[in-house]
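A.B. asks: Encoded as structure tokens, here's the structure I'll be asking about.
The values are calculated or read from the model by the stated rules, or taken from the named source; none is laboratory data. Just so we're clear, the structure is a prediction, and the values are computed from it rather than from any experiment. Virtual Cβ from ideal backbone geometry, glycine too; neighbours counted across all protein chains shown. Calculation scope for accessible area: heavy atoms of the full protein, side chains included, ligands and nucleic acids excluded. Shrake-Rupley method; radii C 1.70, N 1.55, O 1.52, S 1.80 Å.
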Amino acid sequence: MSTIPRPNSKTVNSFVKDRVAIVTGAARGIGFATASLLAQHGARVVLVDLHEEALKKACATIGHGATHQT
């Protein structure tokens, strides 16, 4: 079994910078972690979740470049 090497920060940044990512389930857990990581690497993220209050908090935590939709 072979393994795929984990991309470094520069590689991730080159793929996502100035792009828009829509992340479902983004109010918590894996969705929140994914949205945060994408935003840290320069992507504009749209957070989507059924839990509106948690979604607003997640969006505020991520900060610039993050918007939300319920």
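A.B. asks: With bins 10 Å wide starting at 0, give me the P(r) of the chain over every alpha carbon pair, in whole percents.
C.D. replies: Going out from 0 Å in 10 Å bins, the chain shows 23, 47, 22, 7, 0 percent.
A.B. asks: Also, I was wondering about something else. Per residue, how many Å² of accessible area does the chain show with a 1.4 Å probe? Can you show the working numbers first?
C.D. replies: On the way: 5210 Å² over 70 residues.
With all protein chains present, the chain gives 74 Å² per residue.
A.B. asks: Relative contact order for the chain: what percent, with Cα pairs under 8 Å and sequence separation of 6 or more?
C.D. replies: Numbers: 114 pairs, mean separation 20.5, N = 70.
After rounding, I find 29 percent.
A.B. asks: Sticking with this one: How large a share of the accessible area of the chain, in percent, is made up of carbon and sulfur atoms when the probe is 1.4 Å and the other protein chains stay in place? Display every interim value, and only then the final one.
C.D. replies: On the way: 3000 of 5210 Å².
Result for the chain: 58 percent of the exposed heavy-atom area is carbon or sulfur.
A.B. asks: Skipping prolines and chain starts, which residues have an amide H placed within reach, meaning under 5 Å, of the one on residue 65, given they are 5 or more residues away or on another chain?
C.D. replies: Excluding prolines and chain starts, which carry no amide H, there are no hits.
A.B. asks: Would you mind classifying segment 15-55 by shape? Square roots of the alpha carbon gyration tensor eigenvalues, ordered a ≥ b ≥ c; an a/c under 1.5 is rounded, otherwise it is prolate if a/b is larger than b/c and oblate if not.
C.D. replies: prolate
A.B. asks: Helix 52-62 sits at what angle to the longest principal axis of the chain, using alpha carbons and giving 0 to 90 degrees rounded to 10?
C.D. replies: Result, in degrees: 50.
A.B. asks: Okay, moving on. Pairing the Cα long axis of helix 29-40 with the longest principal axis of the chain, what angle in degrees results, from 0 to 90 and rounded to the nearest 10?
C.D. replies: Taking the Cα atoms of the chain, the angle to 29-40 is about 70 degrees.
A.B. asks: Something else about it: So if I place +1 on the C-beta of Lys and Arg and -1 on the C-beta of Asp and Glu, and nothing else carries charge, what would the dipole magnitude of segment 15-70 be about its Cα centre? I want it in debye, nearest 20.
C.D. replies: Magnitude of the dipole: close to 140 debye.
A.B. asks: Given H placed 1.01 Å from N in the peptide plane, which residues other than close sequence neighbours of residue 21 have an amide H under 5 Å from its amide H?
C.D. replies: Sorted by chain and number, the residues that satisfy this are 44, 45, 46.
A.B. asks: Go through 61, 39, 8 and say which Cα lies farthest out towards the positive end of the charge dipole of the chain; charges sit on Cβ, +1 for Lys and Arg, -1 for Asp and Glu.
C.D. replies: Value computed over the given set: 8.
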